[in-house]
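Derivation of every value follows stated rules applied to the coordinates shown; laboratory data play no part. What you see is a predicted model, and the numbers here were worked out from it, not measured in a lab. Cβ sites come from the backbone with ideal geometry, for glycine too, and all protein chains shown count toward neighbours.
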Amino acid sequence: MSDQPPLPHLLSALLQAAGLARVLAFASEHGGRRLSVPKRAGDEHRLVAVLGREGANLLCAMYGGETITVPMGPAGTLAAARMRMARALAEGASIDEAARYAGLHRRSAQRMRARVKDAEDDKQVRLF
């Protein structure tokens, strides 16, 4: 299980320049929406605040003057988060590790583990 979540192409491209925390913040703030990318972002521009100077410069170099749709990122859908959690639990992660990896609450991981255990118990022959 990798500590870095899988990222869509745009976010992966920004990773080296901006770092994971800034890229995830960018996806959280702008993900799923259209964004008009300036040809150059000034020091006070929101992109510089979110991505840092290097990340904003790279985004402007790639898409300056265009309107793009920013990907949602690794926590874009609840279904994807649940799949990450199920995979982590199946690989033996603890409740807290699986919740952190999936970006969900630890209680969700507890419920998921309990459902899996109940399903396994249902496969056993009932004596009474």
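Over the alpha-carbon set of region 9-69, work out the extent along each principal axis and list the three values in angstrom, largest first.
24, 24, 17
What net charge do the residues around Arg46 carry, taking every other residue with its C-beta under 15 Å from that of Arg46, with Lys and Arg at +1 and Asp and Glu at -1?
Taking every Cβ under 15 Å from that of Arg46, the sum is +2.
Compute the helix-to-body angle for 106-122: its Cα long axis versus the longest principal axis of the chain, expressed 0 to 90° and rounded to tens.
40
Calculate for the chain the 222 nm mean residue ellipticity that helices alone would give, adding -39,500 (n - 2.57) per DSSP H run of length 4 or more and normalising by residue count, nearest 500 deg cm²/dmol. All intermediate terms of the calculation are to be shown ahead of the outcome.
Working: 6 runs with 77 residues, N = 128.
So the helix-based figure for the chain works out to -19000 deg cm²/dmol.
How large is the direction-averaged shadow of the alpha-carbon convex hull of region 78-122, in nm²? Spell out each step's value before the answer.
Details: hull surface 11.1 nm².
Dividing the Cα hull surface by four gives the mean projection, 2.8 nm².
If one takes the longest principal axis of the Cα atoms in the chain, at what angle in degrees, from 0 to 90 and to the nearest 10, does the Cα axis of helix 46-63 lie?
With both axes taken from Cα atoms, the answer is about 70 degrees.
In degrees from 0 to 90, rounded to the nearest 10, what is the angle of the helix 20-30 Cα long axis to the longest principal axis of the chain?
With rounding to tens, the tilt is 80 degrees.
I need to check one value: relative contact order of region 78-122, counting alpha carbon pairs closer than 8 Å and at least 6 residues apart, in percent. Don't skip to the answer; put the middle values down first.
Working: 32 pairs, mean separation 14.0, N = 45.
Once divided by the residue count of region 78-122, the mean separation gives 31 percent.
Using just the C-alpha positions of the chain as equal point scatterers, what log10 of I(q)/I(0) does the Debye formula give at each q in 0.09, 0.15, 0.16, 0.23 1/Å?
Log10 I(q)/I(0), no solvent term: -0.36, -0.74, -0.80, -1.23.
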